[in-house]
1. If the requirement is being in contact with a Pro (Cβ under 7 Å, 6 or more places away or on another chain), of a type outside the set (Val, Ile, Thr) and either in a helix (DSSP H, G or I) or closer than 20 Å to Ser198 by Cα (or both), which of these qualifies: Leu94, Leu66, Leu83, Leu58?
2. If I ask for residues that are of a type in the set (D, E, K, R) and either over 24 Å from the mean Cα position of the chain (by Cα) or closer than 18 Å to Val107 by Cα (or both), which ones from region 263-317 would you list?
3. If Leu41 satisfies every condition in (1) modelled with pLDDT under 85; (2) farther than 28 Å from Leu235 by Cα but one, which is the exception?
4. Answer yes or no as to whether Leu351 is touching a residue at least 40 places away in the same chain (Cβ under 8 Å), within 14 Å of the chain's Cα centre (by Cα), over 30 Å from Leu251 (Cα atoms) and in a helix (DSSP H, G or I).
5. Tell me, please, whether a residue that is in a helix (DSSP H, G or I), modelled with pLDDT of 85 or more and in contact with a Phe, Trp or Tyr (Cβ under 6 Å, 6 or more places away or on another chain) can be found in region 337-344.
6. If I filter region 299-312 down to residues being exposed (fewer than 14 other Cβ atoms within 10 Å of the Cβ) and part of a helix (DSSP H, G or I), which single residue comes out as modelled with the lowest pLDDT?
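The values are calculated or read from the model by the stated rules, or taken from the named source; none is laboratory data. Quick caveat: nothing in here was measured; it's all calculated off a predicted structure. Because the Cβ atoms are built from the backbone with ideal geometry, glycine has one as well, and the counts that use them run over all protein chains shown.
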Amino acid sequence: MKRAAKASHSRIEPHPVLHENSAITAEFSGASYATASLLFLAAVAAILALYFGRELLLPLVFALVLRLLLAPVQRILAEHARLPAWGAAIVLVLALFVAISILTAAVSVPGTRWLQKAPEALPVLREKIAVLRQPLDYLQEHLQELESAATAPRQEAIPAPAVTVKPASGFAATLASQTAASLVRFFTTMVLLFFLLSAGDRLLRAFVEILPRYSEKRQTVEIASEIEHHMTHYLLLVTLMNAIVGAATGLAMWAFGFADPILWGTAAFLLNYIPILGPLTGVIMFFAVGILTFESPWSALLPAGIYLLIHIAEGELITPMLLAERLIINPVLVVISVFFWSALWGIPGALLAVPLLAIFKIFCDRVDPLKPVGHIIGS
């Protein structure tokens, strides 16, 4: 009887509910893996599309950002000057084109002169920073002595063959091609900006009209309005503060006796659009120029220090106070965004990194399934 009971007990089948739960768990796991795989493939496809389509996407994104920046001026021209949308678009595009052309002409000549002097300046730069390298050279010398004492007797050194570095013959051709590509992007951006200013609202209205439900229409209009409102305020404020940083830097360099203060002010203005990496590049640049300008390497630290103080006053005190709680973005994600977009689109991508991240945050905050993502970005 005991053996029969044990045999019957060993043949007891699991409850059907357990079979059903196991099936549901397996189905859920399979669905999760399939969804994750699809999301991964979609992300890879999106990155590849952004990289290989940069010649079209980059001018389009620049035009969208400039449209947000110029939207208040367009409304002023439409309300007070009674200009139609296409008339205001022509005025704004021409004004922007003239301003960029004048600024480019003002900095191109001194910028080219500094680039031409760069090969000759490198030996001077190396010689003047020798004072700053003395502690490191002293430490390296002692480490080499310890290493030679601990190793076996050295064999006779074989002289290394002399290597002659020839200037790249294709440098001029590469520079010309890059300049031509930049000009094509610039004119493409201007054309797209004109059409976005003159007919961008009609495009948004047509997109809203084809949405099937009223809730979707309302949500789309609210997202577009919030993006325009917040990004216009952000871009205007950042551009104003960057212009102040550029003017203050140019005046400081002029006071130090630097040649071409407009060049250095413009460089500070543009570098301030790139968080962290831009000011770091500016510090290195002003230190190198200070080394070439002053006799003492310690005096050369002063221009870089003044530039750093100007940036800290603007980036850590004034701009956060003016922005208040409008657009708070996690600095770690800002750095990741800068590296990501610069890897895809180069320097223009680094300039667009923060506006694109801010637009994505606003979009996530207005879409319920993406609100956790928006919370992480703004943490």
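1. Leu58 is the lone residue from the list that is in contact with a Pro (Cβ under 7 Å, 6 or more places away or on another chain), of a type outside the set (Val, Ile, Thr) and either in a helix (DSSP H, G or I) or closer than 20 Å to Ser198 by Cα (or both).
2. Glu295
3. (1)
4. Working: touching a residue at least 40 places away in the same chain (Cβ under 8 Å): yes; within 14 Å of the chain's Cα centre (by Cα): yes; over 30 Å from Leu251 (Cα atoms): no; in a helix (DSSP H, G or I): yes.
Criteria not met by Leu351.
5. Yes, region 337-344 contains at least one residue that is in a helix (DSSP H, G or I), modelled with pLDDT of 85 or more and in contact with a Phe, Trp or Tyr (Cβ under 6 Å, 6 or more places away or on another chain).
6. Only one residue tops the list, namely Ile312.
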